[in-house]
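Take a look at the structure below.
What follows is calculated from the coordinates using simple rules that are stated; it is not laboratory data. What you are looking at is a predicted structure, and each value in this text was computed from that prediction instead of being measured. Don't worry about glycine lacking a Cβ; one is built from the backbone with ideal geometry, like all the others, and counts go over all protein chains shown.
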Amino acid sequence: MFKIHNAQQSTNYFYKPKIKTSSDNNHVNARAVTVTISDESKNKFYQSLKFRETNKDDVLGKQFQKFYEEYNSAEAIEKRLLEQLEKEQAYNRLEDEFSLNVKYDFPENTLQHTIKEALEGKVANSSLYAAELASALRSSISMPSKSVEERAAYREMALKQAEYIANNYFTDEQEATSFMNEIRKYYENDVLREKGYIVIDNSDLEPFKNYSSPMTKNNNVSFYTYAKKYMDKDYFERFINGEGNPMESAKFLMQLQNKKEKYNKEIIEEFELNEQQVEEKIVATKKMLASFSWENGIITGTMEEDLPNYLHEILKWNQNMLNLFN
């Protein structure tokens with residue numbers, strides 16, 4: 001990496017040098033280099049990037065210069081970055097021929113492993129199916145950038161699909177029941193996470209509210225929550241990194257002692273409001289999916305109007321998942 005710094009005002013440019021490989025040990029020989037340049041040198045560098053004056057009759061040259069300037073404008077760069085991000089987010093391994101044949105290994109005692117083992121031989125790629133179904137069921141973890149409603153829709157669709165395959169692809173009723181019990185356990189855990197609880201799958205810890213801790217009684221507010229919310233932000237960073245000092249810590253403890261009742265009320269009310277709002281959104285999503293007509297695991301019609309834009313993506317996901325079955 002090659003960095004150029006202006007002597008008065010830092011300006012970074014990135015240059016990727018050719019990487020030489022030693023024939024002796026095949027180690028890459030590359031290192032970061034920093035060079036400091038003056039304003040005068042920086043301006044010369046800028047000028048070197050500009051086009052020279054073109055002949056007034058050089059139409060092609062003018063057109064290329066205009067294209068170059070537009071292509072490297074801030075607006076154009078931002079647009080390309082957004083387009084690239086959209087392409088990355090639109091990537092669907094359920095429709096990629098290479099990914100359809102990729103096999104995944106999962107640790108035992110995980111949801112993915114349970115699904116993979118249960119569906120071995122029933123789908124074209126049980127590990128891919130397991131990875132996708134588990135991701136949808138645990139959407140609060142796997143889809144942090146999506147809205148509460150969208151995560152709820154993925155979670156509900158995954159549960160519906162699990163119920164469908166349990167009823168249609170298991171010959172042993174006991175196996176089907178065991179499969180659904182496991183699915184519902186993870187589903188319910190994720191609903192709790194969405195509402196603001198800390199849930200650790202396959203552990204002996206009971207779920208606790210995110211403002212509390214496993215060591216506190218009756219979901220009392222933890223000191224960490226008080227500190228994170230009300231302590232000076234800069235000092236909080238130093239405090240959790242073990243760089244606190246007695247004077248500032250004592251100051252916060254005094255503040256906490258005087259305002260603990262007020263802080264408690266604010267934290268709990270904020271949690272309860274969020275929990276209520278999330279519950280309403282989840283119920284609304286369930287109601288929406290329940291209004292659809294279903295046939296062979298696929299939605300065939302609805303009386304609902306003004307359906308959310310993200311529903312098309314989820315219906316497509318559901319269809320692609322069902323296409324994996326033999």
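Structure summary
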read-out: Overall form of the range 270-326 per C-alpha gyration tensor (a/c, 1.5; a/b vs b/c); value: prolate
read-out: Long-range HN-HN contacts of residue 198 with modeled amide H, under 5 Å; value: 208, 209, 210
read-out: Cβ-derived FRET efficiency at R0 30 Å, residue 205 paired with residue 102, nearest 0.05; value: 0.35
read-out: Within the range 191-255: Cβ-based charge dipole about Cα centre, in debye rounded to nearest 20 (Lys, Arg +1; Asp, Glu -1); value: 240
read-out: Simple Cβ-charge dipole of the range 139-251, Lys/Arg +1 and Asp/Glu -1, about Cα centre, in debye nearest 20; value: 600
read-out: Difference of contour (0.36 nm per residue) and Cα-Cα distance, residue 110 to residue 233; value: 40.6 nm
read-out: Label point distance in nm, residue 223-residue 117, each placed 7 Å from Cα along Cα→Cβ; value: 4.2
read-out: Sum of side-chain charges, residue 213 neighbourhood, beta-carbon under 14 Å (Lys, Arg +1; Asp, Glu -1); value: +2
